[in-house]
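What follows is calculated from the coordinates using simple rules that are stated; it is not laboratory data. What you see is a predicted model; the values in this text were computed from it and never measured. Note that each Cβ is placed from the backbone with ideal geometry, even for glycine, and that neighbours are counted across all protein chains shown.
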Amino acid sequence: MNNKISIKVPRKLRQAFFHYVWSFKPRSFSPSNVPVSVLIPLAAKDLEQAALALQSIRKFVSHPIENIYIVGQNDDQIRSFCHQNATIYINEEDILPESIKNLTYEIAGKSQNGWIRQQIIKLTSFAYIDAKTILVHDADTIFVRPISFMDKDERQLLFTSDEYLKSYHRMTEKLLGPTPRYPRSFIAHGMLFQRDLMAALHNTIQINCGMGLVDAVITHLALNDGAALSEYEVYGNYLYSHFRDRIYLTYWFNYQITHPIAMNFDVLTRRFARFNSVSRHIRPNHRKKPRLMRRLIAMFTR
């Protein structure tokens with residue numbers, strides 16, 4: 001008889017616990033001997049943050065780094081940035097399929113073409129990067145302490161977060177077939193891709209959908225039934241379902257900056273030292289939220 005009791009913790013409460021309690025718990029990552037290449041999709045508007053992301057990768061990623069690739073638009077600013085930062089520039093027009101270049105995809109009247117392009121750039125990265133392991137990393141995310149993506153037994157660390165969206169899982173199921181979803185999210189603004197596992201993922205999609213990954217994504221986006229694509233959710237849930245013995249799950253401990261702050265590397269590493277990384281998501285006309293204690297007081301004094 002199974003007497004195990006399952007308690008569902010609200011997402012916001014779980015997130016608050018990790019941010020305000022568990023993030024103070026000492027933790028460390030063992031350096032890994034597994035070499036990685038790094039891939040950062042980049043738009044010109046994110047150059048300032050990308051410079052900090054590169055600095056943090058070189059300082060804190062505890063793997064031998066083979067090459068760092070920047071995939072971006074046909075833009076002189078991006079070319080100059082790559083030259084100044086000793087990275088390899090790849091023009092996205094040279095590696096994206098024509099069907100993605102010509103794609104028109106909107107949600108609520110707003111174009112999502114750039115978003116889909118970035119997902120495909122990552123999911124097809126082994127087609128144009130000669131490496132066994134690729135760390136794909138978002139340009140707006142900065143590591144603030146040493147980190148590795150393999151444990152001492154060479155199991156891949158899959159970082160989990162609280163950013164789950166139902167629309168992402170709908171697409172995951174369309175691509176992979178009925179897939180038991182990990183109860184949290186794999187959207188951690190960066191992930192290690194392994195060539196053999198990515199090849200297995202592409203093969204599963206080919207068998208399930210009768211077409212390759214890119215065509216399958218376009219086909220399901222065209223149905224306009226609320227399914228959207230997250231490369232991290234697709235890859236993470238695939239590994240969780242099919243290669244659980246090769247992964248180790250751990251919380252990402254990321255702090256998301258949603259208010260103006262001086263983007264100085266030394267300041268960030270001191271101020272957010274209890275986290276693994278920070279991500280900057282400042283929206284136009286942003287209004288700063290009150291601090292947690294004020295929000296709690298407001299909830300109980302209405």
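Which of rounded, prolate or oblate describes the stretch 113-158 when judged by the alpha-carbon gyration tensor and an a/c cut-off of 1.5? Oblate is the answer for the stretch 113-158, as a/c is 1.5 or above yet b/c matches or exceeds a/b.
Per DSSP H run of at least 4 residues, take -39500 (n - 2.57); add these up for the chain, divide by its residues and hand me the 222 nm value, nearest 500 deg cm²/dmol. Calculated at 222 nm, the ellipticity per residue is -11000 deg cm²/dmol.
Based on C-alpha pairs under 8 angstrom that are at least 6 apart in sequence, the stretch 33-300 has a relative contact order of 20 percent. Shape of the stretch 129-226 from the C-alpha gyration tensor: prolate (a/c of 1.5 or more and a/b above b/c, with a ≥ b ≥ c the square roots of its eigenvalues).
Placing unit charges on the Cβ atoms only, positive for Lys and Arg and negative for Asp and Glu, gives the chain a dipole magnitude near 2140 debye about its Cα centre. For the stretch 33-300, the gyration tensor built on C-alpha atoms gives a rounded shape. Its axis ratio a/c (a ≥ b ≥ c) stays under 1.5. Shown for the chain are the DSSP H helices of 20 Å or more along their axis, judged by Cα atoms, with a mean Kyte-Doolittle hydropathy of at least 0.0: 195-209.
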